[in-house]
Structures are given as C-alpha cells and as structure tokens.
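A short worksheet on the structure shown next.
The values are calculated or read from the model by the stated rules, or taken from the named source; none is laboratory data. Please read all numbers here as calculations on a predicted model, not as lab measurements. No Cβ is skipped: glycine too gets one built from the backbone with ideal geometry, and neighbour counts run over all protein chains shown. The area values use the complete protein model at the heavy-atom level, side chains included, leaving out ligands, DNA and RNA. Shrake-Rupley method; radii C 1.70, N 1.55, O 1.52, S 1.80 Å.
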Amino acid sequence: MIQVHNVTKRFGDFVALDDVSIDVPDGSLTALLGPSGSGKSTLLRVIAGLEQPDHGEVEVGGEAATHLPAQKRDVGFVFQHYAAFKHMTVRDNVAFGLTIRKRPKDHVKSKVDELLELVGLAGFQNRYPAQLSGGQRQRMALARALAIEPRVLLLDEPFGALDANVRADLRAWLRRLHDEVHVTTVLVTHDQEEAMEVAGNLVVLRDGRVEQTGSPRDVYDHPANDFVMGFIGPVSRLDGALVRPHDLLLSDEPVDGAEEAMVARVVHLGFEVRVELVRTGGEEVVAQLTKAEADTLELRDGAIVWLRSPLPRDPGVGVVGKTRDAVG
Amino acid sequence: MARLTLRVVALGYLGALLVVPVAVVFYRTFENGLGAVWDSVTTPAAISAFWLTLEVALIAVPLNAIFGVLAALALVRGRFPGKRLFDALIDLPFAVSPIVVGLALLLVWGVDGWFGGLGVQVIFSVPGIVLATIFVSLPFVAREVAPVLREIGDEQEQAAATLGANGWQTFRRVTLPAIRWGLVYGVVLATARAIGEFGAVSVVSGKIAGETETLTLLVEKRFQNFDLAGAYAASALLAAIALVTLAAMTILNRRREEST
C-alpha cells in the first residue's frame, strides 16, 4: 500500500507536482500515465525517496516514509535506461542488494539463480551488462530490484528505451510476472496503450495534477474531462464535442438524426478501417469501423454516407470531481 | 602527397623539439660508460635526492588523489553556492607559475610569514617541498575524474541507494569502480608532475644537499657546478622515470577506452 498525501514538488519555478494525492492498493499494478512534463516520473521518484517533496507526506506499507532516505524504504526501482552496474556481472548486479544486507553466501546464490530463472536469464550469471540486449538488461534490472523483496516495485518508463516488438513482449511478460509475484507495482508511462494493457489501475496526470484515477475501462468509458478522453484514446470532434471514432455510426441510407457526409478517404488497417469524412459544413471527422462493417457499406472515396453521433454520452464527459479519487 | 608532407612535418617537429633533446641526454649520459653513470647516481647526495623525490611524491599524490575525487564529486554531483568559483580555483595551479607558488609559500610559512611563528619548520625543509608539490599537482586527479563522473551519470548511484546501499557503500562498490581508470590516469599525471617539479620546490627547499635536495634540484646544482656528466646522469634518471610514466599512461589510456 502506497499513500501519497498532498505532495507538492517544485524545481525552481517549475511546479512538477501540485498538491497530488493518490492511494495505491496492496498487490495492485498501477500506471501513472501522462504526457511528458506531467510530473509522473517525479511522483514515482518521490515515492522512492529519490526526490524530497516540498510539501506533503508519503506512506509506504502503512509506514511514514516522507523523511526516510531511499536506502531505507525497501522499494525496488527500475530505471528507463536500466542503470546496470557495468563493472559487475549479471550475478553481482542481482546480488547487490543482498550482499549489502550481508545475507549468507549460499542464500544469495540460490536467490539470484531463482530470480534469473524467473526473468528468463538463467545461464547468463557470468555475463556483463554490455553483453546483454536492452530487453535482457531491463529484465536483469527487474531481478535486481526484486531480489531485496521490496514492499513496492517502482518502474520508471521501463520499456521506453526498447524496440517496439521487444516492448510488446516485455509488457505481456511483466503482466504475467506480476500475477506470479504479486508485489505492489507502480509503472510510469506516457504510452496509454501500455498502461491499459499492463495496469489494473490508472492515474492520469497533467501539469503536476491528477486528472483522473480508475480502472482502464472506467477511465476509457467515463473520462473525467476532454483532456483524459483525448489522452486515453483516439477522438473525433463533432460540433465541438469529443466522441470516440468507433462510436460514430455510418449507414448507406438516411436514418433518423443522421446527417450527410462525404467519404474523403478510406484507410484499411487490417481489422480496423479508418474513414475520413467531410461534413456538409466542410468540417472533417474520422470514423472507425471494423472491416466487416466497412465491407457491408461498400465504402469508397467520394461516396455519400449518413453519419450519426451516438446518443448523448454518459455523464462522464466534462464532469469534474472524479479527480483525486482513491485508485481502485 | 600532402598527407605525407604533413606527416613528415609533424614528426620532424616532435623529433626536433622533444625526442632529440631527450635522446641527447641519454647519449651524453652513457658516453663515458655505465660505470661512471652508476657512480654518479649512487653518490650519497644523489641517493638522498632520489628518496626525497619519491617520499614527497608518495605524500603529495595520495593526498591529491583523495582531494581530487572529493572535488570531482562535489563539482559534478554537488549543488552548492560558489561552485563556479571552486571549479575555477582548482585550475589555479595550471595558471600560476610555479615560482610564484614558491614565493607565496615563502610569504605564508617563512620566518616573517603569517604562520612563520608557529614553531614548525616548513620553509627550507621537507614540509615546504611537500606543500609546493601538492599545490602544483593538485588539479590532475579532479580534472581526469570529473568528466568520467559526468559521463556515467548518477542513475547507477541512485539504483544502489534504492537497493539499500549507504553513501560509502555506494561510493566503494559503484562509483569508485566506474571511475577507476580516470582516477589512475590522474594519479599517473600527478605523479609525473610531482616528480618533475622544479620552480616552486627550488624556492622553498633551501637546497641543502642530502636533506632538502630533490632530483630536479640536484640536476640544476650539478649543472651550475660544471659537473655536466653528473647532471646528465641525474637527468637520465628523471627522464627514465618520465618514460615509465608515459608508458603507464599509454597502457592505462587503452584500458580506459576499452572499459567504456
């Protein structure tokens, strides 16, 4: 359990965190999601004790941690650029926290072997970080962080420096790992897809403030405001209101409440088909259909279709007050 | 063709200005046979000068190594007022002529100086030579270590902290191994400077044969007394130390490049 109460952090004139409060429940995997400069990494570093807040309190595992140095917080921290100890072997890297704690040698050895097995690096004990790929280095860093059996695991854009396909693999792997290890985990990312795929809870940040917290589905279906709606998924603008492109309904004959629009371009993306439309007023709108839907409509450039916006959205949009709720 | 010319000019320049003079020293040294050289570098004054030079370097260099690492850490990792001034001050020994350093020490520690009345004999004695040597060889370690620290960044140190390491453990196990080649390189440079220092030492030592005479001072004295063979022999000894240092530097530089 991590609790952050009213934390403010400034760097000179820049307000990185502005009165932020969040609760991270035990055993959860929570993503701090936001654009760059939103304060998500700073929040993670405040939890780890790598930054001192100007105001506010941090509790880790029910214990006041605000004034504890990083070394006493029992947190596992994983950095975007791995922070591997370059002059040490994989074994010594993973063993670092245990040798600092002066654990007996045979215990350290078996623990390290067990962790390397867990992260899929068995047999790499005597390699140096320079001899590993990026993905392997990051898995080593995870094993190193897990070795101290931390109360919480903090991941700062852990896949940010990796290739797209390695990143996709590691996301799925992290999800499985979390199901096995169950350690309370906080992940920082600017990638909403990554957050929604991996995390059970989202905390959306902007300009050092919490915009919304909730499950990925909850945040997607009931965004607290236009910013969250736009950040968490694709949007189209229709008469000034934001709608999801896949919520827009198209038909090839006039329907109640529908308006005429012309197909400007049809983009086939496999299962998904993106349709760029021009409304009678000249306004452009993007709709998203499945391949089957698009085939039925026999869409082609220049065709006229009827466009219907979904029923008025749930009262989610534009409703403030969801901000700074407890996660979960 | 142009490249060949350039190469010849560069090598010729180095040869005429650096290699020939040093080679001549060795040539003149061994002109009269090994026996004469041996006799010349084993006189009591020469042996004493050799050991004094070594002793001074062994005190000055470790102190500068410790100071240099601390200064580099402060410069790269620290946030404190006056950091720019501190940064500039470290280079002072590069800027100030050694003879001025010697005179300054004389003013501070001499009989009529600020600390002259403390009852400790500094000027015309070994402590004065050590102080002068520390002054002139001070920047090397800090200047070699600081860029390495900057390059490795502080994430490894932060990682060590989150894994439970305190400041000293982090330094011992993470920072020091990462900067080791820069540190060793700085130490080698400082040692070369410490052994070769003449100007500052010559002002404060008093040049008492067998007591406060370093190798460089011995060379000068023999030269002044028209003992050219003796001067060459002592010079050859200094040059030999310098060549060993140069070799060490070349090897270390390679190790350093390989390790990054």
Legend entry - Separation of alpha-carbon centers, the stretch A:7-22 and the stretch B:232-255, rounded to whole Å: 56 Å
Inset, instruction - Using only the Cα atoms of the stretch A:232-304, each taken as one equal point scatterer with no solvent, compute I(q) by the Debye sum, divide by I(0), and report log10 of the ratio at q = 0.17, 0.21, 0.23 Å⁻¹. - result: -0.60, -0.93, -1.13
Inset, instruction - Mind putting a number on the dipole of the stretch B:34-259 about its Cα centre? Charges go on the C-beta only, +1 for Lys and Arg and -1 for Asp and Glu, and I need it in Debye to the nearest 20. - result: 520 debye
Inset, instruction - Please tell me the relative contact order of chain B in percent, rounded to the nearest whole number, where contacts are Cα pairs under 8 Å and at least six residues apart. - result: 30 percent
Inset, instruction - Rounded to whole Å and ordered largest first, report the semi-axes of the equivalent ellipsoid of the stretch B:47-201 derived from its Cα gyration tensor (root of 5λ). - result: 33, 17, 14
Inset, instruction - Would you mind counting up the charge near A:M1? Only other residues with Cβ under 10 Å from its Cβ, with Lys and Arg at +1 and Asp and Glu at -1. - result: -3
Inset, instruction - As a check on your grasp of the helix formula, calculate [θ] at 222 nm for chain A: sum -39500 (n - 2.57) over DSSP H runs of n ≥ 4, divide by the residue count, round to the nearest 500. - result: -8500 deg cm²/dmol
Legend entry - trypsin sites (Lys or Arg not before Pro) lying in DSSP loop within the stretch A:221-319, provided at most 12 other Cβ fall within 10 Å: A:R300
Inset, instruction - Pop out the Kirkwood hydrodynamic radius of the stretch A:75-118 from its pairwise C-alpha distances, inverse of mean 1/r, in Å to one decimal. - result: 11.2 Å
Inset, instruction - Quick one: what are the phi-derived ³J(HN,Hα) couplings along the stretch B:231-247, Karplus 6.51/-1.76/1.60 with θ = phi - 60°, whole Hz, x for glycine and proline? - result: 4, 5, 4, 5, 4, 4, 4, 4, 5, 5, 4, 4, 5, 4, 4, 4, 4
Legend entry - Exposed-site-free run, longest, chain A (rule: GluC sites (Glu not before Pro); DSSP loop; at most 15 other C-beta within 10 Å): A:1-282
Inset, instruction - Using θ = phi - 60° and the Karplus relation 6.51 cos²θ - 1.76 cosθ + 1.60, list the HN-Hα couplings for the stretch A:145-153 in order, rounded to whole Hz, with x at every Gly or Pro. - result: 5, 6, 4, 7, 6, x, 6, 9, 10
Legend entry - Whole-Hz couplings from phi, Karplus 6.51/-1.76/1.60, listed for the stretch B:107-116; x for Gly and Pro: 5, 7, 9, x, 3, 9, x, 4, 9, x
Legend entry - Surface accessible to a 1.4 Å probe, B:R180 within the full protein complex, Å²: 100 Å²
Inset, instruction - Add +1 for every Lys or Arg and -1 for every Asp or Glu among the other residues with Cβ under 15 Å from the Cβ of B:R172, and state the total. - result: +1
Legend entry - Structure-based [θ]222 nm, chain B - -39500 (n - 2.57) summed over DSSP H runs of at least 4, per residue, nearest 500: -24000 deg cm²/dmol
Legend entry - Positive dipole terminus of chain A, leading residue within A:Q125, A:V20, A:F77 (C-beta point charges): A:Q125
Inset, instruction - Report the antiparallel proportion of the DSSP beta bridges in the protein assembly as shown as a percent, rounded to a multiple of 5. - result: 70 percent
Inset, instruction - Quick one: accessible surface of B:L138, probe radius 1.4 Å, all protein chains present, in square angstrom to the nearest 10. - result: 40 Å²
Legend entry - Highest-MSF residue in chain B out of B:G196, B:G68, B:G35 [GNM, Cα springs under 10 Å]: B:G35
Legend entry - For the stretch A:1-96, convex hull of alpha carbons as volume per residue, Å³: 127 Å³
Inset, instruction - Can you pull a Stokes-Einstein diffusion coefficient for the protein assembly as shown at 20 °C (1.002 mPa s), Rh from Kirkwood over Cα pairs, as a whole number of µm²/s? - result: 72 µm²/s
Inset, instruction - Determine, at each q value in 0.16 (inverse angstroms), the log₁₀ of I(q)/I(0) that the Debye formula gives when each Cα of the stretch B:115-260 is one equal point scatterer. - result: -0.92
Inset, instruction - Using only the alpha carbon atoms of chain B, find the Kirkwood hydrodynamic radius as the inverse mean reciprocal pair distance, in angstroms to one decimal. - result: 20.7 Å
Inset, instruction - Loop only per DSSP, at most 10 neighbouring Cβ atoms within 10 Å: give me the chymotrypsin sites (Phe, Trp or Tyr not before Pro) in the stretch B:164-227, ordered by residue number. - result: B:F226
Legend entry - Chains A and B, summed buried accessible surface - 1.4 Å probe, Å², nearest 100: 1700 Å²
Inset, instruction - Report Rg(Cα)/(2.2 N^0.38 Å) for the stretch B:49-107, keeping two decimals. - result: 1.40
Legend entry - D_trans [Stokes-Einstein, Kirkwood Rh over alpha-carbon pairs] for chain A, 37 °C, 0.692 mPa s, µm² s⁻¹: 149 µm²/s
Legend entry - Helix axis angle, B:139-152 relative to chain B longest principal axis, alpha carbon, degrees: 30 degrees
Inset, instruction - Along each of the three principal axes of the Cα atoms of the stretch A:181-286, give the extent in whole Å, ordering the values from largest to smallest. - result: 54, 30, 23
